[in-house]
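See structure below.
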Amino acid sequence: MIHTKDHRTGYLFDPWGHLGPKRRKLMERSWAGLFREHILCELPIHKLAPFFHADFGRPTKELYTVLGVLIFQQMKDLSDEETVYQLAFNEQWHFALDITSTSDDAAYMSSKTLWNMRKIVTDNGLDQILFHQITDVLARVFTVDASRQRIDSVHIRSNMQRLGRIRIFAETIHTFLINLRRQHKGLYETVDQELKDRYISQQALSCFSMVKPSGSRKTLDTVSTNLFALVQSFCEHPEVTAMHSYKLMSRVLREQCTVTEAVGEEPSAVALKPPKEIPSDSLQNPSDPDATYDGYKGQGYQLQVMETYSDADDQKTRSQTLNLITHVDLQTACQSDAHALIPAIESAKEHNLAPDELLADSLYGSDDNRGDAQQLGTELIAPAMGSPKERLVTLSAFTFSAGGKVLTCPQGHAPAMTKHKKTRHSAAFKYAHCSTCSLCAGCPVKAGKKYYYLRYDDKAQRIARRRAVEQSDEFRERYRWRAGAEATMSELDRRTGIKHLRVRGFKAVRFCATLKTIGINILRATTVQMVSSDAHGTFRSLFHGLSRVHNVVKERFTACRQWLLPFVGHPHVCCHFGGDFAA
């Protein structure tokens, strides 16, 4: 049975009057006050309600409380046990969630209920709906300017151990044998006892972590042969091949080994692949099959984060501007950042938060991305990929027309003729100019039969222009704000622990990472609200102070005027005050 509470209707008697004015002020200025005032009533409980019966069964926990608790847990980086205690006894949580009752039904949630609710939200992708709903609310309340944004990625490690090749084989075999014993006892008995003794117990399994480097090759051959034997032994049993652990063994065999099929009397054989041939999306740990590998950052996942920023020179103005995270997207670690840019712009555009200018590093700044972003109405500001060839003269030193034709060379000589075919261009320069040129040795112009030729395409020309712009002070001034994205990644890790999570699996990691970014948005909005209220409070105090001074002066002047009125008309008084005092 669905249980919700109307949080929009006010109270006849203030349930928080016991706090006192000072503590009440602190509460309202904190993240709890912001959440209660702007976010609580906007939580999408209508997306959670369909998973429960409307009028049958035991009442659920109050659904606004459920979604709020899930957000607070990730925002504060709490375990399930800590979350239960905070909900039960933390008055700040009660204020944020509008819990006015002291009953267990209102302020208590068991670990099982917390786990079940989190699983519903995780499995059905409601974390993305939560993020967009709360982001839209904060953007509207704080009048966020989304015209300038920046994007970067952060590496995330799930709750898994880092394994080498030997341990990957051994752990995969161990997991399969355990599940085979549980689900198919008869087939488990057919496995060779020596193989079971080697992999089934944790004590035997720990021996694989103590292999010396000199014996690693021999051990790898042994574990790969054992894994291949198990795959072959049960390949004709449909009930076994449908097991998740058997599919993991087949995956490891496919990614780590090369299998030679049987030919005539020669049996099938298995050989290890060289490390360079192992794909980056290979299995890293049987406990987290979705995790992949990045050559620079290691095993795990990566989160794409796009946020707004202010380029105001005044520090006070920047502190009163909300840098709102407008887009998050979890990817496997092996995916390139280059493929994340356009989906990020499109996602922000769907929620009316698309940027006019987007800062990114060179991994996002491919020529194709720049063109696609421009079609979406966004100017991508990013350095060109790679580095130019070490030459004295580069293509950017030539002068081009708007159509891409060469007008002059670095020495000011115009080409004798130019040709254009689809996206390719060529310019011919006279022998007399190029053969005696001092820059000829380091120039991209090459000698031909009749002329010296410069050949290039549209893409090379665009990149050359970009490299020339990158050397300007204007580009450096605009691009220097991209470094602020690193501070955001540090804040995510420092305040929410996003780089090392307690969960495994793509959906669970996405849920935690998304709700942690929601938490950062809430904490940032709270800071901006406090700074703005302090500034307004200072102005009000100054205004009230001036008003009091004005009232005192007015009172004194009025008394003085009343005292002097009997003397109005006296020549000495009029002379002293310079005119008609009564006026």
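Quick one: in the stretch 406-430, which of the residues that are more than 48 Å from the chain's Cα centre (by Cα) and in a strand (DSSP E or B) is surrounded by the fewest Cβ atoms within 10 Å (Cβ to Cβ)?
My answer is Met417.
Which number in (1) under 26 Å from Ile45 (Cβ atoms); (2) open to solvent by 50 Å² or more (accessible area, probe 1.4 Å); (3) touching a helix residue (DSSP H, G or I) at 6+ places or on another chain (Cβ under 8 Å) marks the one condition that Arg148 misses?
Just one mismatch for Arg148, condition (1).
List the residue pairs whose Cβ atoms are under 8 Å apart, where the first residue sits in the stretch 396-424 and is of a type in the set (Lys, Arg) and at pLDDT below 85, the second is loosely packed, with under 14 Cβ neighbours inside 10 Å and not in a loop (DSSP other than H, G, I, E, B), and the two are 6 or more positions apart or on different chains.
So the pair list comes out as Lys405/His420.
Residues that are touching an Asp or Glu at 6+ places or on another chain (Cβ under 8 Å) and under 25 Å from Phe400 (Cβ atoms): which helices (runs of 4 or more DSSP H) entirely in the stretch 454-507 hold 1 or more of them?
Those helices (runs of 4 or more DSSP H) span 458-470, 473-479.
Criterion first (modelled with pLDDT under 95 and surrounded by 15 or more Cβ atoms within 10 Å (Cβ to Cβ)) does Phe52 satisfy it?
yes
So which residues in the stretch 446-477 are acidic (Asp, Glu) and either over 22 Å from Gly371 (Cα atoms) or open to solvent by 90 Å² or more (accessible area, probe 1.4 Å) (or both)?
Hits for the stretch 446-477 are Asp473, Glu474, Glu477.
Can you name the residue in the stretch 85-120 that is among the β-branched types (Val, Ile, Thr) and out of contact with any helix residue (DSSP H, G or I) (no Cβ under 6 Å at 6 or more places or on another chain) and is also surrounded by the fewest Cβ atoms within 10 Å (Cβ to Cβ) among such residues?
The qualifying residue surrounded by the fewest Cβ atoms within 10 Å (Cβ to Cβ) is Thr102.
Mind checking which pairs have a first residue in the stretch 486-509 that is open to solvent by 40 Å² or more (accessible area, probe 1.4 Å) and a second that is assigned to a helix (DSSP H, G or I), Cβ under 7 Å, 6 or more apart or different chains?
As it stands, the answer is Arg495/Ile520; Arg495/Leu523; Lys499/Asp493; Lys507/Thr122; Lys507/Asp123, since those pairs meet every condition given.
Need pairs with beta-carbon distance below 9 Å; first residue under 15 Å from Phe51 (Cβ atoms) and within the stretch 119-138, second acidic (Asp, Glu) and in a helix (DSSP H, G or I); sequence gap 6+ or separate chains.
Listed pairs, sorted by first residue: Val121/Asp127.
Going through the stretch 160-207 one residue at a time, which ones are of a type in the set (Phe, Trp, Tyr) and out of contact with any Lys or Arg (no Cβ under 6 Å at 6 or more places or on another chain)?
Phe169, Phe176, Tyr199
How many residues are open to solvent by less than 90 Å² (accessible area, probe 1.4 Å) and under 33 Å from the mean Cα position of the chain (by Cα) if we restrict to the stretch 7-27?
The total comes to 2.
Looking at Leu330 and the list (1) open to solvent by 50 Å² or more (accessible area, probe 1.4 Å); (2) within 29 Å of the chain's Cα centre (by Cα); (3) of a type outside the set (S, T, N, Q), which single condition is not satisfied?
Against the list (1) open to solvent by 50 Å² or more (accessible area, probe 1.4 Å); (2) within 29 Å of the chain's Cα centre (by Cα); (3) of a type outside the set (S, T, N, Q), Leu330 comes up short only on (1).
Step by step: first the residues of the stretch 376-388, then only those that are under 17 Å from Gln149 (Cα atoms) and out of contact with any Phe, Trp or Tyr (no Cβ under 9 Å at 6 or more places or on another chain), then the one that is surrounded by the most Cβ atoms within 10 Å (Cβ to Cβ). Which residue is that?
Among those that are under 17 Å from Gln149 (Cα atoms) and out of contact with any Phe, Trp or Tyr (no Cβ under 9 Å at 6 or more places or on another chain), it is Thr378.
Kindly state which helices (runs of 4 or more DSSP H) lie completely within the stretch 152-226 and contain at least 2 residues that are open to solvent by less than 30 Å² (accessible area, probe 1.4 Å) and not β-branched (Val, Ile, Thr).
Once the helices (runs of 4 or more DSSP H) in the stretch 152-226 are filtered for at least 2 residues that are open to solvent by less than 30 Å² (accessible area, probe 1.4 Å) and not β-branched (Val, Ile, Thr), what remains is 165-183, 193-199, 202-205.
This table checks each residue for (1) more than 30 Å from Asp534 (Cβ to Cβ); (2) acidic (Asp, Glu); (3) over 14 Å from the mean Cα position of the chain (by Cα).
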position: Asn285; (1), (2), (3): yes, no, yes
position: Asp288; (1), (2), (3): yes, yes, yes
position: Gly298; (1), (2), (3): yes, no, yes
position: Gln315; (1), (2), (3): no, no, yes
position: Gln320; (1), (2), (3): no, no, yes
position: Leu353; (1), (2), (3): no, no, yes
position: Ser362; (1), (2), (3): yes, no, yes
position: Asn369; (1), (2), (3): yes, no, yes
position: Gln375; (1), (2), (3): yes, no, yes
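The values are calculated or read from the model by the stated rules, or taken from the named source; none is laboratory data. Since the structure is predicted, the reported quantities are computational estimates derived from the model, not experimental observations. Using ideal geometry, Cβ is built from the backbone for each residue, glycine included, and neighbour counts are taken over all protein chains shown. To get the accessible areas, we keep the full protein, side chains included, count just its heavy atoms, and leave off ligands, DNA and RNA. Shrake-Rupley method; radii C 1.70, N 1.55, O 1.52, S 1.80 Å.
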